[in-house]
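Remarks on the structure that follows.
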Amino acid sequence: MHRGLFILCTTGGLLFASGAPAAVPTRDQLVAADYQKGRTAFQQRCSACHTLAEGGSNLVGPNLWGLIGRKAGASPDFAASEALRSAGFEWDVARVWAFLAGPEQLVPGNRMLIPEPVPEADRTALMSFMLLETGAADWPRPAAATADQKVDRTKPLSERYPSFYNHLMTNTTRYRMETPDGEVRFDTYFNADGSVSSSEKSIRGFWNTVERRGMEFFCYALDGIPGKPSQLVECFPIAAMAIPRFAEQLWTSKPVEGVTLHGGIMAGRP
Ligand code: HEC
């Protein structure tokens, strides 16, 4: 389908509008790129499925810390598709650039579904932001990155992120924890007063938000889980949950060695 579209464009005289593929940006262009623009593009286009920071959770897609120089599909603790794992290359700037222009063209059969390629107008800035935030840039973060870190946090979460807040406070968060001793399932309910209650009477918890590198994270702690571990602490970038979604399995993490925790959100509460 993509190929057909391309032929149509070129023969239709739209070659200049749709463009020959944009050249991979030079290091100078990446250093000079607009950090804010890159961050916004990442938050809108990628953060629903990926985190960047070291130790970040795998969401639908893998955490991208340390991507450059790593083999495709080899992100730790993420079950990448056979297509991605057998692509057989190591990620470099040119490969990521091509992947963002057309994931399916670079790695046919991979499982990353994005609604459209990243437009050329955003791609250099996004690329630069990703390199900075995944530990691959050999230049410093621009001053602008830290200058606007002071988000107006005087307003309550419910006003700053209304759709995220309503989604979490009115629905059920469902867990399935795979441990060597068997599977533990429980539901939790995040409450407006900062507490977390559960379908399991023994479970208690609380939640709050923290800010790091200009991004806001939703963090929570649970205690009294009938299994090992009996306690959990997890943090998610709020932007990653900007699009409210329902599914039994939305994210996966490894709270401790040998244990896999699956989380999802189900509509409503009992
Ligand atoms: C709808 C969810 C989704 C969105 C949105 C998304 N990705 Fe992905 N991404 C995935 C999945 C799933 C994979 C693993 C694909 C596979 O295993 O075939 C992946 C894989 C990748 C990989 C390869 C990782 C590796 O270890 O080889 C890169 C790089 C990547 N994504 C970057 C991005 C960027 C940058 C954006 C934003 C423009 C983005 N993704 C948007 C789901 C997504």
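Since every read-out is calculated from the coordinates, none of them should be taken as a lab result. Since this is a predicted model, take the numbers as computed values, not measurements. As a convention, Cβ positions derive from the backbone with ideal geometry for all residues, glycine included, and neighbour counts pool all protein chains shown.
A few notes on this one:
- The string of couplings for the range 169-179 from the Karplus curve (6.51, -1.76, 1.60, θ = phi - 60°) is 7, 10, 10, 10, 9, 10, 10, 9, 10, 8, 10 Hz, one whole number per residue in order, with x for Gly and Pro.
- Within straight-line reach of residue 37, meaning a Cα separation under 12 Å, sit the following aspartates and glutamates at least 8 residues removed in sequence or on another chain: 122.
- Per-residue Cβ neighbour rank within 10 angstrom, fewest leading, 51, 40: 40, 51
- Order of 112, 130, 215 - criterion: other Cβ atoms within 10 Å of each residue's Cβ, fewest first: 112, 215, 130
- Rg and Dmax over the alpha-carbon atoms of the chain stand at 20.6, 67 Å.
- Relative to the longest principal axis of the Cα atoms of the chain, the long axis of helix 35-45 makes an angle of roughly 70 degrees.
- Each pair of Cα atoms in the range 24-145 enters the Kirkwood radius, and Stokes-Einstein at 4 °C and 1.567 mPa s then converts it into a translational diffusion coefficient of 89 µm²/s.
- For the chain, the relative contact order works out to 17 percent when only alpha carbon pairs closer than 8 Å and six or more residues apart are counted.
- Cross-link reach list, lysines versus residue 201, counting only Cα pairs under 18 Å and skipping chain neighbours closer than eight places: 228
- Under 18 Å from the Cα of residue 155 - aspartates and glutamates, other chains or at least 8 residues apart: 193, 211, 216
- Relative contact order of the range 157-266, taken over Cα pairs closer than 8 Å and 6 or more residues apart, is 25 percent.
- Here the residues 163, 199, ranked from fewest to most Cβ neighbours within 10 Å of their Cβ, fall in the order 163, 199.
- Residue-by-residue Karplus 3J(HN,Hα) for the range 191-200, coefficients 6.51, -1.76, 1.60, Hz, glycine and proline x: 10, 4, 7, x, 8, 10, 10, 8, 5, 8
- Each Lys and Arg contributes +1 and each Asp and Glu -1, all at the Cβ; summed about the Cα centre of the range 24-145, the dipole is approximately 80 debye.
- The GluC sites (Glu not before Pro) of the range 159-266 that DSSP puts in a loop, and whose beta carbon has at most 15 other beta carbons within 10 Å, are 257.
- Computed from phi, the 3J(HN,Hα) profile of the range 58-68 under the Karplus parametrisation 6.51, -1.76, 1.60 (θ = phi - 60°) reads 7, 9, 5, x, x, 4, 9, 4, x, 4, 5 Hz, with x in place of Gly and Pro.
- Gaussian network model of the chain, Cα within-10 Å springs - most flexible of 187, 77, 28: 28
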